[in-house]
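K.L.:
The structure under discussion is supplied below as structure tokens; questions concerning it will follow.
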Amino acid sequence: MGWIVITALGVVLATLGAWLLALLSRGRRAQRRFEVLGDVAAISQSAGSLSETFDAICDLLVPELADFCMIDFFEEGEARRVALRVGPGAPPGTEQWLRERRPSVPDWIRENEVEGALQPRFIERMGEAQMRELAHDDGPDLEFLRSLGVRSAITVALHARGKLIGMLTLVVAWSGRRYRRDDARFTWILSGRIALTLDNCGLFADLERAEGARAEIAETLQHGLLPSPLPHVPGWSLAAMYRPAGAENEVGGDFYDAFRVAGGWMLVIGDVTGRGAKAASITALARYTLRTAAMLTNDPLVAVATLNRALLARRGGALCSVAALVLSEDPAQPVRMAVAGHPSPLLVDRDLVTEVAVSDPVLGAFSDVEWHITESQLDPGQQLVMITDGITEAAGKQGRFGEQRLREQLAGSGNPAHAVQRLERALHSFTDGALDDDAAILAIARADEDPHLARPLTIGAPTIGATTDA
């Protein structure tokens, strides 16, 4: 009788042990699945590219959860394979065939039936009937599926924000494993995490593309507004410099231009309010309005008044300061200039630096104002220098660059090229190369004393480089 009790107790203990082992195994399996879900979340937070995200997900699933896995995306109703991973032990040619093979899409996914898509396509035991259903033909494709020795397969739809974006397929074959119902349910839960990860990555990629397109448009606009190399003006010596504020901003609110008009040339230098795209658009308006009006009339007052009307008509308002000069083909003739809200041109006569014009009201502020023409005779050895306030307002360790330092740097400069280069070096040293506002300089002088002075000098932005136009 005692041995019966002992035997029964042994059976109970063995059963209990087996149950405990199964429970522990199930616990470890559940723990690992939670870890997998956490790993997918970590992939989402890494904010990698879409291809990097695909690779990371596939590396996570194969071979731990599948012998091979596939991710397919839907584009205009058609499935396109975007990711594939094949684990060790696969028959030769498996990866290439799967990569080139057209995905097998379940009917409920193809018809985008949301209710049906909530349930995975689960094939617990892959038989001949199921294989024929998946195959695209009764020939090579069916033979290929047979060669894989597929035992179980799970396909789940990938939904993000109520939209079907693709599907995930997990398959076990040569490893000898088989999926159960709880595997199918876990894969369905996993698909939600993966879909969210891919959607986040897709949104990130969309933002990158949008930002890239915006940057390309801005760059194209900016390069179109960069000051051109100064032209050769017979009888005159010209030099200019343009420096934008900030390494990523090639064009701001400052500008200069030089162009042919009847009987001579017009030179303009100006500064518009604002920064970024708005400043660039106003700069374009100012440059091309001044150029068109001046070329039609050869009159700086008409050019200034025309730009004033254009700015007043602009929605949102905009202000622009301008100094416009007309050079005669005969350098002995006076320089005619109109100044609107801009720093006065400076006459440099050896060590003497003086203002030669009074600034009238800024453009874009009033409709009932007048501007005046000032004439200045340039003798040999003298030069006119025009700047934007980014020069005098430039900040450094010693405060502002200021008017006094400006005049000190211009005094004694022998020609426009010397004046511009000297002022540019002083500004760079004072600010340690970091401007907080755009800066431009334009200098002119008679060149009849020295033919070499007729070579114009243009110093561009640091990112563009210096250009000398002979």
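Just so you know, all these numbers are worked out from the coordinates, no wet-lab data involved. Only a predicted model underlies this, so the values are computations on that prediction, with no experimental measurement involved. Positions of Cβ are generated from backbone atoms using ideal geometry, with glycine treated the same way; all protein chains shown enter the neighbour counts.
K.L.:
Can you give me the distance in nm between label points at ARG125 and THR354, each placed 7 Å from the Cα along the Cα-to-Cβ direction?
P.N.:
Between ARG125 and THR354, the simple spin-label model gives 11.0 nm.
K.L.:
If you take every residue apart from ARG400 with its C-beta less than 13 Å away from the C-beta of ARG400, what net charge results, scoring Lys and Arg +1 and Asp and Glu -1?
P.N.:
In short, -3.
K.L.:
In addition: Expressed in nm to one decimal, what extension gain is obtained for the pair GLU133 and LEU50 from 0.36 nm per residue of sequence separation less their Cα-Cα distance?
P.N.:
Length difference between fully extended and current span is 26.7 nm.
K.L.:
Next question, about the same structure. Report the charge-dipole magnitude of segment 57-113 in Debye, nearest 20, computed about the Cα centre from +1 at each Lys and Arg Cβ and -1 at each Asp and Glu Cβ.
P.N.:
240 debye
K.L.:
Also: Roughly how many nanometres apart are two label points built 7 Å out from the Cα toward the Cβ at LEU296 and VAL82?
P.N.:
Those two pseudo-labels are separated by 5.3 nm.
K.L.:
Also, quick follow-up: Given contacts defined as C-alpha pairs under 8 Å and at least six residues apart, what's the relative contact order of segment 227-468, whole-number percent?
P.N.:
Relative contact order, segment 227-468: 28 percent.
K.L.:
Related question: Charges at C-beta only: +1 for Lys and Arg, -1 for Asp and Glu. How large is the resulting dipole of segment 33-206 about its Cα centre, in Debye rounded to 20?
P.N.:
With only Lys, Arg, Asp and Glu charged at Cβ, the dipole is about 500 debye.
K.L.:
When Lys and Arg each count +1 and Asp and Glu each count -1, what net charge do the other residues less than 14 Å away from LEU352, Cβ to Cβ, add up to?
P.N.:
Net local charge, LEU352 excluded: -3.
K.L.:
If you don't mind, another one. Amide H neighbours of LEU319 under 5 Å, counting only residues 5+ apart in sequence or on other chains, H built in-plane at 1.01 Å?
P.N.:
THR273
K.L.:
Given labels modelled 7 Å from the Cα in the Cβ direction, how far is it in nm from HIS428 to SER147?
P.N.:
6.7 nm
K.L.:
Using 1/(1 + (r/R0)^6) with R0 = 56 angstrom and r between the beta carbons of ALA395 and ASP39, what's the FRET efficiency to the nearest 0.05?
P.N.:
Plugging the Cβ-Cβ distance into 1/(1 + (r/R0)^6) gives 0.65.
K.L.:
What residue among ALA293, ALA318, ALA303 has its Cα farthest toward the positive end of the dipole of segment 287-332, where the charges are +1 on Lys, Arg and -1 on Asp, Glu, each on the Cβ?
P.N.:
Farthest towards the positive pole: ALA318.
K.L.:
Further question: Per the Debye formula with a single identical scatterer at each Cα and no solvent contribution, what log10 I(q)/I(0) holds for segment 33-206 at q = 0.08, 0.10, 0.12 Å⁻¹?
P.N.:
Relative scattering, expressed as log10 I(q)/I(0), comes to -0.22, -0.35, -0.51.
K.L.:
Given a Förster distance of 41 angstrom, what is the FRET efficiency for HIS232 paired with PHE366, based on the Cβ-Cβ distance and rounded to 0.05?
P.N.:
0.60
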